[in-house]
1. Being free of Cβ contacts under 8 Å to residues at least 60 places away in the same chain, over 16 Å from H27 (Cβ atoms) and in a loop (DSSP other than H, G, I, E, B) is the filter here, so list the residues in segment 92-129 that pass it.
2. What number of residues in segment 86-118 are closer than 21 Å to N66 by Cβ and at pLDDT below 90?
3. Output the residue which, of all residues in segment 84-119 that are within 13 Å of the chain's Cα centre (by Cα) and of a type in the set (F, W, Y), is surrounded by the most Cβ atoms within 10 Å (Cβ to Cβ).
4. Just one of (1) surrounded by 15 or more Cβ atoms within 10 Å (Cβ to Cβ); (2) free of Cβ contacts under 8 Å to residues at least 60 places away in the same chain; (3) farther than 19 Å from F122 by Cα; (4) not aliphatic (A, V, I, L, M) trips up S15, so point out which.
5. Which of the residues belonging to segment 31-70 are small (G, A, S), more than 11 Å from the chain's Cα centre (by Cα) and at positive phi?
6. Mind counting the residues in segment 1-54 that are acidic (D, E), part of a loop (DSSP other than H, G, I, E, B) and over 12 Å from N83 (Cα atoms)?
7. Evaluate the following for K35: is it of a type outside the set (A, V, I, L, M, F, W, C) and farther than 20 Å from I129 by Cβ?
8. Check K126, K81, K74, K57 and return the single one that is surrounded by fewer than 19 Cβ atoms within 10 Å (Cβ to Cβ), out of contact with any Leu (no Cβ under 9 Å at 6 or more places or on another chain) and of a type in the set (K, R).
Amino acid sequence: MKKILKNNFKDKRGSIIDIFINKPKDHCTLVTFNKNAIRGNHFHKKSTQYSFLISGKLIFHSCRVNKNGKLIGKPKKQVLKANSLVTHKPFHAHAFKAISSSNLLAFADGMRGGKNYEKDTFRLEKKLI
């Protein structure tokens with residue numbers, strides 16, 4: 001699910017945009033993309049991940065998967081622009097391709113940071129991109 005976040009407050013100094021309200025996250029990671037870079041092509045079984053695009057433009061692919069990582073249904077494709085927020089629930093595969101250099105914040109509920117970064121990451125045999 002993609003959301004474009006709105007300004008909570010704006011004046012001559014700039015804007016304030018709430019990314020999350022009343023939902024603390026377990027981890028937050030900055031992910032950078034060079035033009036044409038592909039990232040993702042995986043899913044999580046326990047963690048929910050939230051991707052907030054700070055800058056740039058990405059093509060986002062997603063699809064539900066079964067416990068073995070087999071795609072269920074037809075993958076969806078969307079273009080993400082700055083201030084887009086995408087939620088990746090468990091068993092929802094996701095992948096990104098950078099249209100331009102981009103910066104993304106990845107937040108997670110569950111094992112998705114530090115030493116546990118790969119413990120709930122399952123690579124797709126059939127890649128989305």
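1. The answer is E125, K126.
2. 4
3. Top of the filtered list is F96.
4. All conditions pass for S15, except number (1).
5. Of everything in segment 31-70, those that are small (G, A, S), more than 11 Å from the chain's Cα centre (by Cα) and at positive phi turn out to be G56, G69.
6. Count: 1.
7. Taking the combined requirement at face value, the residue does not satisfy it.
8. K74
The values are calculated or read from the model by the stated rules, or taken from the named source; none is laboratory data. Note that the structure is a prediction, hence the values are computed from the model and not measured. Positions of Cβ are generated from backbone atoms using ideal geometry, with glycine treated the same way; all protein chains shown enter the neighbour counts.
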